[in-house]
Amino acid sequence: MGFTSAAFFAFTLLVAGIYFLFPKKNRWAVLLAASYLYYFLTSGSLLLLLIATTLITFLTALWLDFINRQFDQTKTAGVEELSREQKKAAAAQVKRKKQLVLAIGLAAVLGILAFLKYFNFFATNFNVLLAALSVPAAIPKFNLLLPLGISFYTFQSAGYLIDVFRGKIQADRNPFKFALFVSFFPQIVQGPISRYSQLAHQLYEGHSLDYDRIKFGAQLVLWGLFKKMVIADRAAVIVNTIFNGQNQYEGFTVFFGAMLYTLQIYGDFSGGIDVARGIAQIFGIDLVNNFARPLFATSIEDFWRRWHITLSSWMRDYVFYPLSLSRLFVRMGRFFRRTLGASIGKLMPTFTAMVITFLLVGIWHGANWKFVAYGMYNGLLIGLGILFGPQVSRLAEKLGFTPGRGFTRGLQILGTFVLVCFGRYFSRAASFMAALRLLDRTFSSFNPQVIIDGSLLNLGLDGKELIVLLIAIVILLTADYLQEKGIALRERLSRQVLPLRWLVYLMAIFAVLIFGVYGINFNASSFIYMGF
Amino acid sequence: MLDKILEVLATLRPEVDFTENHHLIDDGILDSFDIVTLVGELNDAFDIEIGVEDLLPENFNSPAAMLRLIERLQS
């Protein structure tokens, strides 16, 4: 029951109907029942793994809360008798205890993910190593099924635990409500990875039926379907031809495939998120946005502030910050300041933390060397930006450019897009070696003539289809451009006269119905990020 | 103490007017790299230990907010 299937929309309509029929204070229970039903229908008995993660997280958070409260009581009870040193020692002891509890909880929750997603990758590579050393042994491999959305709900749960540990939020006392926070059906498939403080209370309180919300929600769903079915699934035809082919393409043709894949994955992922956000909005729930016009990024660093925002901000808050501020990294900073000088030395810990963070971003996508390479590629580009960005900016200004403005901004956006496309070779190719071969073939021939000689029409889409794709991309870029300029499109549309409004709606509906790419049984293909 | 904070900020990002701006984080003027560097400098300058749990927008949105954080950590 994928996001673009008729069955899913029928299911959503039914749930919405029941939701608004229930008394307000019980509406959250409808969402929980629907979410668990949805998960069971798509994943069967793998639902047990979702329940396991939910329970472990819920109980660990309660334990952390218990330690916090115990400490607060001793503080208020005997504050006069304790000296400053004693108080400090007591606080340190509590912190150690909490760290241990957090470590147990995280090890269990992330352990499930690590085992299911990464064990076979580890076993394969370890066995290669054993064979290379001529050791006559091998780790067995398991036929593991990956539960739907595990990378998303695991990260959401882990973030919740760390927030309770840091005292940012209190532990949830209701296991059923908490189960809804982990499993909310529009977002479990491919995110966004939400924070408890932003989402939980919205899920728990009952929302009234609101025409504006339903209207805006439905518009967002329609826009998401347009991006997914008209753009992404159409671009996929060419992308698959080029990337699944036996290396018969070269030069610009391969890069054209990478460019289309960049647009495809943007349409696919952000389209899916728009469907999720639109449905949530109908229930009165605002899911956090995951994209901020990534194609208008002016650097790779800026790109990651605009692309899959909930993953990058998760990594920033729970990996990058703790790593950069850890004792080890502070000591490393001092060491490099002594050896490399103040200006570069100061940046070395940030650089190192950044590369490690992006290595994890890469591995998050899957157990494969190509994702390791994808993470490292992005991490190194951002790292180089940290180390040499200021010097490059100063040089550019001396040469008469104004970074971030006008023509120079356009150049930055174009350059970033090209760098992003090259990164996509790693995330799209079948393997790391395949990505290297494709890169090699891109540079082995200079053939810009393919743009006009009709070669691009032999990649699976004929001229008409290609024009539809091009127009759809222009619509997407125009919408993004207007939003980049600060124009709220849905609000602006709702102020137009009725006939114009409906003309736009009908055009959008027909665009999806007529130009959407359908497979067997009129189901659109599944989402790329569903596989992560 | 505020002057010292402004001094640290000025070396970090000379082009920003820190006395005017009260939404340094919310408006994206200071990014995560700036924050990490800034925390290191403030720790050294005031002999404090700013922890991960203190890295909230409300603690870094303005020099005055940073001053409050530092005073809290010193007491």
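Descriptive notes on the structure:
- A:ILE169 in a loop (DSSP other than H, G, I, E, B) and over 30 Å from A:PHE66 (Cβ atoms): no
- Residue in the range A:301-316 that is open to solvent by 30 Å² or more (accessible area, probe 1.4 Å) and either acidic (Asp, Glu) or touching a Lys or Arg at 6+ places or on another chain (Cβ under 8 Å) (or both) present: yes
- Taking the listed residues A:PHE176, A:PHE152, the one that is open to solvent by less than 10 Å² (accessible area, probe 1.4 Å) and either in contact with a strand residue (DSSP E or B) (Cβ under 9 Å, 6 or more places away or on another chain) or under 24 Å from A:ARG27 (Cβ atoms) (or both) is A:PHE152, with no other qualifying.
- Per-region count, the range A:336-351, residues in contact with a Gly (Cβ under 8 Å, 6 or more places away or on another chain) and within 13 Å of chain B (Cβ to nearest Cβ): 7
- Whichever residue in the range A:295-335 is free of Cβ contacts under 8 Å to residues at least 60 places away in the same chain and β-branched (Val, Ile, Thr) and, among such residues, is nearest to the other protein chains (Cβ to nearest Cβ): A:VAL330
- Subset of the range A:456-480 (residues that are open to solvent by 70 Å² or more (accessible area, probe 1.4 Å) and over 29 Å from A:ARG490 (Cβ atoms)): A:LEU457, A:ASN458, A:ASP462, A:LYS464
- Looking at A:LEU144, A:LEU133, A:LEU100, just one residue is surrounded by fewer than 13 Cβ atoms within 10 Å (Cβ to Cβ) and either touching a helix residue (DSSP H, G or I) at 6+ places or on another chain (Cβ under 7 Å) or β-branched (Val, Ile, Thr) (or both), and that residue is A:LEU144.
The values are calculated or read from the model by the stated rules, or taken from the named source; none is laboratory data. Nothing here was measured: the structure is a model prediction, and the numbers come from that model. Every residue, glycine among them, receives a Cβ derived from its backbone with ideal geometry; neighbour counts consider all protein chains shown. Note: accessible area is taken over every heavy atom of the protein model, side chains too, but ligands, DNA and RNA are not part of it. Shrake-Rupley method; radii C 1.70, N 1.55, O 1.52, S 1.80 Å.
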